[in-house]
Amino acid sequence: MLLTEKRLLLIGGKGGVGKTTISSALALLATHRGKSVLLVSTDPAHSLSDAFNRAIGDKITRLAPNLDGLELDPDRQIAEHLANVSAQLKRFTRPEMYNEIERQMRLTRHSPGAQEAAMLERMANVIELGLRDYDLVIFDTAPTGHTLRLLSLPEAMAAWTQGLLNANKRSEKLGEVLSHLTPKGGRDVSNPLADPSEHATAGMDERNKAITDTLLARQRLLQRTREILTDASQTALLFVLTPEKLPILETGRAVQSLLQEKLPLAGLVVNRILPDSADGQFLVARRSQEKIHLAQIKQDFGHLPRYKVPLQTTDIQGLSALQHIANLLQQAGL
């Protein structure tokens, strides 16, 4: 049902548990069920290219029939994002201010949250493009903490944008612009994404109207993304973990955070379980430890569906290997 009824699927988990392999296999499985799929990676490691054993990059690339891939580059995203902001600011300032704008952009590039903010805006645009052109969009997301920041950034993004412009445009006019964007003149930080007024630019001069229109467009984009991410009728999150202590602990924290954010968590993929056929004294001891962890997973996450995937004898790389994982996921109930 996840692959046939949902439009957006996000795969999260601790680094190194096999998110990219599972995401890629799910994408292939969805194409076998008649869906056109866009598979997107937000992980800076770009392991999607490694999984398919071919270059992908930050441009939509055909990977298999009805399956396209895309790798979002965080460094490129922030560079393009700040270049756009800089160009917009330069449209409304005197040439002698250009050096100061460039200096502020260099500082902002390294400010906390700047990369996540740029990535979220690109993700929002990719989600809208993907839902328009494909039946299903699957995100192979970055490690858990990064994923949670990306999913909780719409409000922070709005506040960050306003703060950036405020730092660069300290003027009474900018205060008027910001007062149009949020209730209480921008002081309502608990909900900076409250619906912008349809007539927010009424009475403004052309310069401030252009700035406001840009900010309103960004806020509305993020509002739509927030609504999609929290809509259980079209969006689902799957977490991947292995039967080991640290992934179990991290997944527990992530699950609580996701539930608090009211994001539609659909289940877990328990990856790399030792097959029954594995033998030898080392594996006997390993299996004994694994049973304890599997019992812990059942106890901690008994309220969530769990899909088990056995450990493979070799690395998973290329279409044939990914197809094998897709078959295992189908057997597990996905």
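What follows is calculated from the coordinates using simple rules that are stated; it is not laboratory data. It should be emphasised that the depicted structure is a prediction, and the values quoted were computed from it without experimental measurement. Glycine also receives a Cβ, built like all others from the backbone with ideal geometry; neighbour counts cover every protein chain displayed.
Between beta-carbons, use under 9 Å as the cut-off and find the net charge around His81, counting Lys and Arg +1, Asp and Glu -1.
Cβ neighbours under 9 Å give a net charge of -1.
Computed from the mean reciprocal separation of all distinct C-alpha pairs, what Kirkwood hydrodynamic radius does region 8-107 have, in Å? All intermediate terms of the calculation are to be shown ahead of the outcome.
Numbers: mean 1/r = 0.0629 Å⁻¹.
This gives a value of 15.9 Å.
Would you order Thr230, Thr235 from fewest to most other beta-carbon atoms within 10 Å of each residue's own beta-carbon?
Thr230, Thr235
Extension gain Leu131-Ser233, at 0.36 nm per residue separation less the Cα-Cα distance, in nm?
Length difference between fully extended and current span is 35.4 nm.
What does the net charge come to around Thr61 if you take all other residues with beta carbon closer than 15 Å to its beta carbon, with K and R at +1 and D and E at -1?
Around Thr61, the charge tally is -4.
What ranking, highest mean first, results for peptides 89-96, 266-273, 277-284 when packing means the other Cβ atoms within 10 Å averaged over each residue?
Values: 89-96: 11.9, 266-273: 21.2, 277-284: 9.9.
The packing order, highest mean first, is 266-273, 89-96, 277-284.
Which links in Lys6/Lys298; Lys59/Lys90; Lys35/Lys59; Lys59/Lys308; Lys19/Lys291 stretch past 24 Å when you go from one Cα to the other?
Numbers: Lys6/Lys298 26 Å; Lys59/Lys90 29 Å; Lys35/Lys59 21 Å; Lys59/Lys308 33 Å; Lys19/Lys291 22 Å.
As for pairs spanning more than 24 Å Cα to Cα, those are Lys6/Lys298; Lys59/Lys90; Lys59/Lys308.
What is the diffusion coefficient of region 236-334 in µm²/s, taking the Kirkwood radius over Cα pairs and the Stokes-Einstein relation at 4 °C with a viscosity of 1.567 mPa s?
Details: Rh = 14.6 Å.
The diffusion coefficient I find is 89 µm²/s.
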